[in-house]
Structures are given as C-alpha cells and as structure tokens.
Amino acid sequence: SDLEDLHLYATPREQRFRRFASLEFEGQLYMTPCDFIQAVTSDEPKRAKKWRSLSKQELNQILMETPPVWKGSSKLFRNLNEKGVISYTEYLFLLCILTKPHAGFRIAFNMFDTDGNEMVDKKEFLVLQEIFRKKNEKRERKGDEEKRAMLRLQLYGYHTPTTNSVLKTEGEDLVPRSYWDTLRRSTSQALFSDLAERADDITSSLSDTTLLVHFFGKKGKAELNFEDFYRFMDNLQTEVLEIEFLSYSNGMNTISEEDFAHILLRYTNVENTSSYLENMRCRIPEEKGITFDEFRSFFQFLNNLEDFAIAMQMYNFASRSIGQDEFKRAVYVATGVKLSPHLVNTVFKIFDVDRDDQLSYKEFIGIMKDRLNRGFRGYKPIQRYTTFKSCVRKELYSR
C-alpha cells in the first residue's frame, strides 16, 4: 500500500511511467519496449500492470539479446517487445525524440558530444540522466519527503539529493520549457565538467539498460556516431507513426480523413471534438484517404511547429488571414516539408470551424501545441465513428 500511495506524490509524467512500467529490478521500475509503445499510443495499459521482479540472470539474458545500434530499424521496439528494459530518464529522453524535428538531431548529438570528437561514449550519454533527474526534481510535488525519497529510489534506482544547485546560475533557477531545452541551455562547460566528474559514481549506481547496450555495446566501450544516432531517432519516430497508422488502416494503404482527424484531436485538450468531425464530414463528402507518406510528412511538419508559428504570426501582424496556398508556402519556408494539396485541404476542413476557408492562429496552432505534448498529458479515449462509406470500402477491399 505504501508503494501505491507514492502515486499521490508523483508528477503526471511519473504517474504515467509507473502505470505502464511492468518490470522491477533491485527496487527500480523499468518499462519494456512494448510498455513504451503502449504508453505513447494507448490511453491505458492493455492489462493491469503488476511489476514483475527481474533476477540478475534474467536481466543479463535480456541485455545479451539486445541488437547493436547498426542493426536498428523502424521495427526495433516491436521486435524487442517484452525483451528490454527502459529506465524513467530514458523514457523522458525517448518522449523528447518523438517531438523533435530532424534538424534538431544534430543539435542533440552535439549536446551529448561534450569533448567534440564527433562520437558519444557511455559516460557522456549518462550525463543526460543527471540533467533530466535534476530538471524533474524542480517539478516535484510537495509532500512527505520520505515518500518522495521512496519514489526517487523507485524511478532512478538510487537516493538523490534535493538540491538543484547544478541548474542554477547566479542564484536564479533556470525555467526551461522542456527537458530538451534543459539539455540545450545547460551546455556550459562548467555544467558538463561538474557532472562528468561524477559520471563514474553515477555509472556505478545504475544498471545497464537496453538503450545503453544498444548504443554502447555489451561491454559499454563502443561509441556512438552521428549517423547511427540520427537513424535511431528517425526510426523511433517512424515506428510510432506506423503503429498509429496501422491501427486505423486495417491493412489498407490509406486511412480515412475522419480517422486522421481522430488521431490529431485525440491528443489535445479539445473538449468537444464533434464539431470538428461534423465540419469535416460535411465538407469532404467524397473520401479519398490519407497515405502513410502524407501522414508522416504532416507529423514531420508538426515537429517544426515553433518555426511555423513564427510564420503564422507574421501573417497576423500584417492583419492577413491565411488560405491553403499561404499555408503550404509557410509550411515549406519554415520547415522544408512539402504537404500534399489533399492533406492541406483536409487540415483546413478539420480546423476551419467558422468555414471561411481561412485558418487562424487560434484555430490551429493552439490545438496542435497540445498535440505535441504526446505522453506528457492526459489521453482522450479512442473514438471511432467510421463512416458507412469507409466501412463498405474496406470490406470490399478485403474480399
């Protein structure tokens, strides 16, 4: 019961990790790759989770079967399934990957590469653990310190101090917008030197995980180059998108425009999605479908939303509304992503609630910023109101 009480002292991120994690080793909780996929694509675990205790022998066997990074693919997590362990800080790292544009992959790699030798070793990567931990402590809920200490032990595997001095400068707390910003803003040599000096202590107190073995080998001596790092991040984004797409496509090459709308709105704080769905049904009477390439390109664009928002604001400053041609141009200029005319038309029909064929900052950017918080906020239940036409089309296709 004491362990269940810890949920009351956990942040939303910690609560979600604890809810989906299924493994425990020496008091620390871990997700399997399957758990992680469920956590970012499902509302709740498919079955009630009871933390299964791993023996040292079982953990070693799991790690022995972990493929090297050069064998990675967009099916890595699905292939590993239950044969892997992911720590809480790695969970946060993987969530960050899902929302970052490809242009940011080089920045991320350079953040880890503290000695500038174009390679990342295990010690440099583990600095991330400490940065994320300290950032997380700044968000902790206040309460019983003994309970908080138990929770830290469960999430990090070791007791942690309550001071955040490493993330302070001239007595002022940094207040970054995200964990990725924490990493980006904390790149001063002083910070990395301070953490690197204690990296051996950190390493000795942590167990190896699937990611550490995947990146740095079973002996931890391998180094990670940018090409492998980029491929891993791109593969993870693709894998999660494939899982979402396939869950709606039922073996077909496309998903319906309505399914696309459900996927977009599901991860937002929109209370009443029916108006958006009804608006789209009326304005796209003939279903054409969204291909996976269109689906993926939209989410690549979405990961560049901050740059696109700047372009949108320029239209607002000029007191100009934005139509479909302007939207496509702004997307390409700000992000380098080309969206198909049909995809742009579908987006307009979903979000142009006042039906003036113009897209306002409020109608689109605000909702999509919520969508980018995948894994960090609550999830809306899956609602599938597949049209009769869509059902008939899929049934005919399957025969």
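The values are calculated or read from the model by the stated rules, or taken from the named source; none is laboratory data. Just so it is clear, the model here is predicted, and its values are computed rather than measured. Because the Cβ atoms are built from the backbone with ideal geometry, glycine has one as well, and the counts that use them run over all protein chains shown. Surface accessibility is based on the protein's heavy atoms, side chains included, excluding ligands, DNA and RNA. Shrake-Rupley method; radii C 1.70, N 1.55, O 1.52, S 1.80 Å.
Could you tell me which residue of segment 255-264 is surrounded by the most Cβ atoms within 10 Å (Cβ to Cβ), considering only residues that are out of contact with any Leu (no Cβ under 8 Å at 6 or more places or on another chain) and not β-branched (V, I, T)? Please lay out each step first, then the result.
The initial filter retains those residues of segment 255-264 that are out of contact with any Leu (no Cβ under 8 Å at 6 or more places or on another chain), namely 255-257, 259-260, 263-264.
Checking the rest, the ones that are also not β-branched (V, I, T) come to 256-257, 259-260, 264.
Values: S256: 23, E257: 26, D259: 24, F260: 23, L264: 22.
Applying the filter and picking the extreme gives E257.
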Of the residues that sit in segment 339-392 and are of a type in the set (V, I, T) and at pLDDT below 60, which one is farthest from the chain's Cα centre (by Cα)? V392
Is there a residue in segment 48-69 that is of a type in the set (G, A, S) and either in contact with a Gly (Cβ under 6 Å, 6 or more places away or on another chain) or surrounded by 20 or more Cβ atoms within 10 Å (Cβ to Cβ) (or both)? no
In segment 260-276, how many residues are out of contact with any Lys or Arg (no Cβ under 7 Å at 6 or more places or on another chain) and either part of a loop (DSSP other than H, G, I, E, B) or among the basic types (K, R) (or both)? 5
Name every residue in segment 14-47 that is open to solvent by 30 Å² or more (accessible area, probe 1.4 Å) and farther than 23 Å from R78 by Cα, in order of residue number. Q15, E26, G27
Identify, from the list F308, F298, the residue that is within 16 Å of the chain's Cα centre (by Cα), surrounded by 20 or more Cβ atoms within 10 Å (Cβ to Cβ) and not assigned by the TED database to the domain that holds T41. F298
I'd like to verify a number: residues in segment 25-47 that are farther than 25 Å from T268 by Cα and either without any contact (Cβ under 8 Å) to a residue 60 or more places away in the chain or polar (S, T, N, Q) (or both), how many? 2
State all residues of segment 237-254 that are buried (at least 20 other Cβ atoms within 10 Å of the Cβ) and of a type in the set (A, V, I, L, M); if no residue qualifies, say none. V240, L241
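Yes or no, residue by residue, for (1) assigned by the TED database to the domain that holds I131; (2) under 15 Å from the mean Cα position of the chain (by Cα); (3) assigned to a loop (DSSP other than H, G, I, E, B):
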residue	(1), (2), (3)
F36	yes, yes, no
A39	yes, yes, no
L63	yes, no, no
K83	yes, no, yes
Cross-chain or 6+ apart pairs with Cβ under 9 Å, segment 293-311 first and without any contact (Cβ under 8 Å) to a residue 60 or more places away in the chain and within 15 Å of V344 (Cβ to Cβ), then among the small types (G, A, S) and open to solvent by 10 Å² or more (accessible area, probe 1.4 Å): D293/S340; E294/S340; S297/S340; F301/A334; F308/A334; A311/A334
